[in-house]
Amino acid sequence: MTEKKILIIDDDQHLLLGLTAKLKAKGYRVICAADAISAITVARKEVPDLIILDLGLPAGDGFRVLERMRDLPDLVAIPVIVLSARDPADNKKRALDAGAVAFFQKPPDNHEFLGAIRLALGETVALSTFLKT
Amino acid sequence: MTSQASRRVDASEYLSPATPILFPSDSGLLHESANMEVSPTLRAELLDFNAWSEILTTYGRTMRVAVALTDSQGQVLGKCHNAQPVWRLVRDAACGWGSGCPFCITTHVPCTAVADALRTGGAVMVRDQAGLTHVAVPLLLGKLRFGAIIAGQVFDRYPEPLLLRRVAKEFGVSAQRLWELAREQRPVSNAVLRASGDLLCALGHAFLRQRYGAILEAKLAETNGRFRLLVEGVRDHALFTMDPTGRVTGWNGGAERLLGYVEAEIMGQNFSCIFTREDIQNRVPEKQLQKALEEGRAEDEGWRVRGDRKQFWANVNITALEDAGITRGFAIIVHDVTERRKIATVLEEARQERECLQEKLLSHVSHELRTPLTAIYIFTTNLLDGVCGDLTPYQHEHLTFALDNVKQLKSMVSDLLDITRVETHKLTVEPQHLSLAKLIDDILSTCLTNAAVKNITLRSDVAPSLPFIWADPARVRQILINLIDNGIKFAPAGGNVTVATRPSPEDEGFLCLSVSDTGCGISSENREIVFDRLSQVRSTTEASRSGLGLGLFISRELVSRHGGRIWVESELGHGSIFYFTLPVFSLAKLCAHVLTAPNLEAGCVTFIAVDVAAVEGAVQADILLEIRQVLERCIRPGQDVLLPSMSDAEPVETFFIVACTDAKGFEVIASRIVRELLNFDSASKLKPVISSTTVLLAPGQFGEEQIDNVAARVEQLVQAHLLGKERLQ
């Protein structure tokens, strides 16, 4: 089985660094993008298996990225997990409606977040992941 | 001398009252003044001697008598004489003759002529010791006694030559001349005096009335003028009057300025012209007059229209003018409060802006705090997960403490956001069917680490069979964790924190939860304020002071959003028990609006279970949410009900429907569900399995009991279905 490829789109370099290390340790290949425009370019070039997307981005916000992806046949099927500091009350439904598979507010719970990634990648997930610890 | 001789005569012989001459009083005036109150000022004005002197002098000269005016007490207000120095001298020289009648030359009995005249209301004639007669006539207005006029024969002889000389000197005439004058003063005859009494009576009465009228008129004119000045002087209020039909009958300067009509053009117009077209269509003018008629007055604030069609925000006060139970019209005061309204609007806008800014600021702050917090969290968890290599137990311990603090910081940031939501009324709860026992176990295991650090025992004293509750699991978790963390914070090392449930008889339909600790307790005055914002009891030890003091405030808000209540029982030194109530899940309540008599006519209810499984792996949570929406479209709104998620494990894969239909109706619904789900999931990754059970209803009335029975049966079926699935797994 080939390594799953995850694209992280976030303008916070420290988050990219930490999350990359975390996901690499879990055996994923990780690529990063720091703004909305390069995000689409990188995504089309790399065609990742999963995208982790921040909402507040330079050069257009995360919702623009989601909309753009829906219009692109090569990207439309890639699952997107939104990871944002924004209030879920205002943004969760909007993000899910725009095509995201999950919404996490920063900082995300470690177990839940990893569980959601595995779920989105179609990997078997232990039921205990869903029981909050 | 004659006078000396006359003094020797017994007074009673001479002081003989004559028959009173009664004259008819003016009945109109009498009526008018029957209840009249006359002020001392008016009284004095009425009897102002300067006004009377001309008429009295004329009378005296004509009749050759002396005349005096007295008040109702007989006090002389003034005297007129027709060449009567003799009389005057006699009177003035005779000091010690007693007060009262200026005419009587008596030594013993005081003259009662004035008093008698006032008492009887007629003229009274008296003859004194000197043999002279005088007549007193009363001055009456209705029942009011004002005073009297006395007319008397003039004494024509002078008894004291010495005094005569002195008087002559005073008057600048010779004694001889004075004596001659005195001798000419022949008293009028008694008959003439008597007849003139009648005349004097009428004269006095007429003059008094005339004077009264004149004074009143002057006063009225003055009042009118003053009132007019007052009304006209009111510039910032429109004052006007209307007849009972609403036509304008009076208009002041303020009305002209404020409403833009001059008096001439508005007189007789209906006052509805100052209302907006919309108000006129809604019959507001009529309604206001009606209200003023019924309640005496009507007040209103709203847009009114000026003559130039410009609108202004007016405060309008209508008062019904009533006279003896009959409405004579209305008085209206209109005040332009447009400015005040503008200020109020600006203030309100400023308040909203401030609130909005505050919300923005707080959500911005919490957003900005989250970014570095996330980095710390990720790096800490990376280290703990061994991403950067193995850790020594000592390093692991320290990093665990760091992580705990990051988590605490995270919950504080969430609290900050919740506070803004409370203030902007955006704090919402999404209740669902919830098993409390499982949730409490789960929460207790989360709090174990915290408790272990302080060597505090966490205990659960939860009843074995709890009813399901109708609450938002995330919020219940938030409330309980907050209360437990508080308990841990304030309990001494080695203490206990216990989560328990108990029936709550006073809160029907609610379950009561409690979190008790063995901490320092809360004093009675602090018990009142612990749920207030930013209240952290000051006396607590430094070590236990952490957090923002928002937890209990947010907990109270969350509990009340669920419809429950929260309170604390505590005693200083004996720990505290926090109680809160949450609504018990009631299928009957949920179904009540669809399980109505018309819906249940078929005599049965069909219970439908839709199991949705994915061909590969689990169905994702957000897909389940969309399936729920699809199913909601498949059922008949108002007739069927899609039950909330009844399973505790997430994600739920079974949906339950209670349909008010029989087996045939079920087939229709089932085929619709299959079709819709196929549309939704064109890739056919989902496999819906639909099953149904028909619940037959006992014939008869569809009352609350029947609905409860159906609900209980449905709940049984739900549990059986879930259990069956569990067994299958």
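Taking label points 7 Å from Cα along the Cα-to-Cβ direction, A:His14 and B:Lys291 give a separation of 6.2 nm.
With Cα atoms defining each centre, the range B:595-625 and the range B:460-476 are spaced 24 Å apart in the structure. Spin-label point model (7 Å from Cα, Cβ direction): what's the B:Gln719 to B:Leu220 distance in nm? Here the modelled spin labels are 9.3 nm apart. The calculated FRET efficiency for the pair A:Leu121 and B:Arg565, based on their C-beta separation and a Förster distance of 51 Å, comes to about 0.65. Let me know the shape class of the range B:576-718, please: from the alpha-carbon gyration tensor, a ≥ b ≥ c as square roots of the eigenvalues, rounded when a/c is under 1.5, otherwise prolate if a/b is greater than b/c, or oblate. Taking the square roots of the gyration eigenvalues as a ≥ b ≥ c, the range B:576-718 is oblate. Bridging of B:Lys219 to lysines at a Cα separation below 29 Å is possible for B:Lys79, B:Lys143, once same-chain residues fewer than 8 apart are set aside.
The length gained by stretching the chain between B:Arg283 and B:Gln210 to full extension, at 0.36 nm per residue less their Cα-Cα distance, is 21.0 nm. When the listed pairs B:Lys287/B:Lys310; A:Lys22/B:Lys685; B:Lys410/B:Lys687 are checked against a 30 Å cut-off, the alpha-carbon distance exceeds it for A:Lys22/B:Lys685; B:Lys410/B:Lys687. Across the range B:395-515, the mean sequence separation of Cα contacts (distance under 8 Å, 6 or more residues apart), normalised by length, yields a relative contact order of 25 percent.
What's the FRET efficiency of B:Ala175 with B:Leu230 using the Cβ-Cβ distance as r and R₀ = 51 Å, to the nearest 0.05? Don't skip to the end; give the middle numbers.
Details: r = 64 Å, r/R0 = 1.26.
Efficiency computed from Cβ-Cβ geometry: 0.20.
Rounded to the nearest 0.05, what FRET efficiency is calculated for B:Arg257 and B:Val365 with R0 set to 30 Å and r the Cβ-Cβ distance?
On the way: r = 53 Å, r/R0 = 1.77.
Calculated value: 0.05.
Note on chain A: dipole from Cβ charges, positive end direction compared against A:Val65, A:Gly115, A:Val82; the farthest Cα belongs to A:Gly115.
Could you work out the relative contact order of the range A:1-49? I mean the mean sequence separation of Cα pairs under 8 Å and 6+ apart, divided by the number of residues, in percent.
Computed value for the range A:1-49: 49 percent relative contact order.
The label-point distance for B:Gln73 and B:Ala493, in a model that sets each label 7 Å from Cα toward Cβ, rounds to 10.0 nm.
Can you tell me, using C-alpha contacts under 8 Å and at least 6 residues apart, the relative contact order of the range B:268-405 as a whole percent? List each step's numbers first, then the result.
Working: 117 pairs, mean separation 16.9, N = 138.
Computed value for the range B:268-405: 12 percent relative contact order.
FYI, it's all coordinate maths here, none of it is from the lab. The model shown is predicted, which means the values in this text are computed figures rather than measured ones. Ideal geometry is used to build each Cβ from the backbone, glycine not excepted, and the neighbour counts take in all protein chains shown.
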